[in-house]
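So the structure is just underneath, and the comments pick up after that.
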Amino acid sequence: MTDPLSRWHAHAEGAVLLDGFHALKHALRFGAEVPVAVTTDRAAALGLAGELAGDVRDALDALLTEVSGQTYAALVPRPHPTGVAALAVRPPREAGLRALARTPRTAPVVVLDNPRNLGNVGAVIRLAAGFGVTGVITTGTLDPWHPTVLRGGAGLHFATAVERVGTDELPAGPLFALDPEGEDIRGTRLPDDAVLAFGSERTGLSAGLRARADHLLRLPMRPQVSSYNLATSVAMTLYHWSATGGAPAV
């Protein structure tokens, strides 16, 4: 058997980092291909699995290799408190685009228009997975599969489609864009095939995407409060969708 470092480097190309026990747990639950996983304390990791993730304990038992703290630190730029890390094969872009384009859709697609904060994007993907949406799209230069985004998403990229596209590549469906000048969202029922667009944390919606919107909506907000965090805005909108007829996957 090859040593863990060699196996890790052999699978690094085309793979993404699962940083921590919970990221690995979620990835396995949603069918990720995980060729290599390491931990600084195998017994502790399996104990955690027995306590919190019995459904994937056997898979973890077969995957996890114990390594020294020094080896672990050489593999992970920012070591996770659980001392667990793994590599997973990133799904093909074509598969993600097919999932996003599938019709009829039973849950919305979330579009983040030129987001700037990696942690925010990870939090949105975690929300999207929880609500069972079809997928999360980003426009602009930020890579939604960046290691920091994956860390923020806790491995839930594998529970929904996640891709970066141009504004001219959005999937079909009525486009609802969140904008301070829009109509109060509380008066609108969001359909299951909606495309829900949210602007950048700094500049809001791009002119191109705003012009394409079929509907502009705003979230209720107390006067003199400037804005909500991006992930909070997505959470409020998805909750509104679910409360007015949409149904999160269970």
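The values are calculated or read from the model by the stated rules, or taken from the named source; none is laboratory data. Since the structure is predicted, the reported quantities are computational estimates derived from the model, not experimental observations. Counting neighbours? That spans all protein chains shown, and the Cβs are built from the backbone with ideal geometry, glycine included. The protein model used for the area step is the full one, side chains on, heavy atoms only, and it has no ligands, DNA or RNA in it. Shrake-Rupley method; radii C 1.70, N 1.55, O 1.52, S 1.80 Å.
Principal-axis analysis of the Cα atoms of the chain puts helix 118-131 at an angle of about 80° to the longest axis.
Taking amide H positions as modeled 1.01 Å from N, with prolines and chain starts lacking one, the residues under 5 Å from R218 and 5 or more places away or on another chain are D179, G182, E183, D184, I185.
The 3J(HN,Hα) values that the Karplus relation (6.51, -1.76, 1.60; θ = phi - 60°) gives for region 137-144 are, in residue order, 10, 10, 10, x, 9, 5, 8, x Hz. Gly and Pro appear as x. Each residue of region 182-198 is assigned a 3J(HN,Hα), and the resulting list reads x, 7, 4, 4, 5, x, 10, 8, 8, x, 5, 9, 5, 10, 9, 10, 10 Hz, derived from the Karplus form 6.51 cos²θ - 1.76 cosθ + 1.60 (θ = phi - 60°), x at Gly and Pro.
Would you mind classifying region 140-244 by shape? Square roots of the alpha carbon gyration tensor eigenvalues, ordered a ≥ b ≥ c; an a/c under 1.5 is rounded, otherwise it is prolate if a/b is larger than b/c and oblate if not. Rounded, because the longest to shortest axis ratio a/c is under 1.5. Selection among A85, S200, H157 by position relative to the dipole of the chain gives S200 as farthest towards the positive end (Cβ unit charges, Cα centre).
Report the gain in length on full extension from Y228 to R7: 0.36 nm times residue separation, minus Cα-Cα distance, nm rounded to one decimal.
Numbers: separation 221, 0.36 × 221 = 79.56 nm, distance 4.37 nm.
Answer, rounded to one decimal: 75.2 nm.
Amide H contacts for A197 (H built 1.01 Å from N in the peptide plane; partners 5 or more residues away or on another chain; cut-off under 5 Å): V111, F176, A177, L178.
Given Cβ point charges of +1 (Lys, Arg) and -1 (Asp, Glu) and nothing else, what value in debye, to the nearest 20, does the dipole of the chain about its Cα centre take? Display every interim value, and only then the final one.
On the way: 22 positive and 24 negative charges, 63 e Å.
Charge dipole, the chain, about its Cα centre: 300 debye, nearest 20.
Roughly speaking, to the nearest percent, how much of region 29-138's 1.4 Å accessible area is carbon and sulfur? Within region 29-138, the accessible surface is 51 percent carbon and sulfur. In whole angstrom, the chain maps to an equivalent ellipsoid with semi-axes of 36, 17, 17, each derived as √(5λ) from the alpha carbon gyration tensor and ordered largest first. The Cα center of region 94-141 and the Cα center of region 179-193 differ in position by 18 Å.
Each of the peptides 232-241, 201-210, 18-27 was scored by the mean count of other Cβ atoms within 10 Å over its residues; in descending order, highest first, they stand as 18-27, 232-241, 201-210. The charge dipole of region 56-109, taken about the Cα centre with unit charges on the Cβ atoms of Lys, Arg (+1) and Asp, Glu (-1), comes to about 460 debye, rounded to the nearest 20. If you wrap region 35-94 in the convex hull of its Cα atoms and look at it from every side, the mean projected area works out to 5.0 nm². Accessible surface of I125, taken over heavy atoms with a 1.4 Å probe and every protein chain present, rounds to 0 Å². Relative to the current alpha-carbon distance between D61 and M236, full extension at 0.36 nm per residue lengthens the span by 59.2 nm.
Quantify, in whole percent, the carbon and sulfur part of the accessible surface of region 144-250 (1.4 Å probe; protein heavy atoms only).
Numbers: 2630 of 5330 Å².
Carbon and sulfur together cover 49 percent of it.
If the Kirkwood radius is taken over C-alpha pairs of region 129-195, then at 25 °C and 0.890 mPa s the Stokes-Einstein diffusion coefficient equals 177 µm²/s. For the pair A243 and R218 in one chain, pulling the backbone fully straight at 0.36 nm per residue adds 7.3 nm over the alpha carbon distance. Each DSSP beta bridge with both residues in the chain is either parallel or antiparallel, and the antiparallel ones are about 30%.
For V162, nonlocal amide neighbours, meaning residues 5 or more places apart or on other chains whose placed amide H falls under 5 Å from its own, are V136.
Karplus-based coupling profile of region 160-168, in residue order and whole Hz: 7, 7, 10, 8, 9, 9, x, 5, 8, with θ = phi - 60° in 6.51 cos²θ - 1.76 cosθ + 1.60 and x standing for Gly or Pro.
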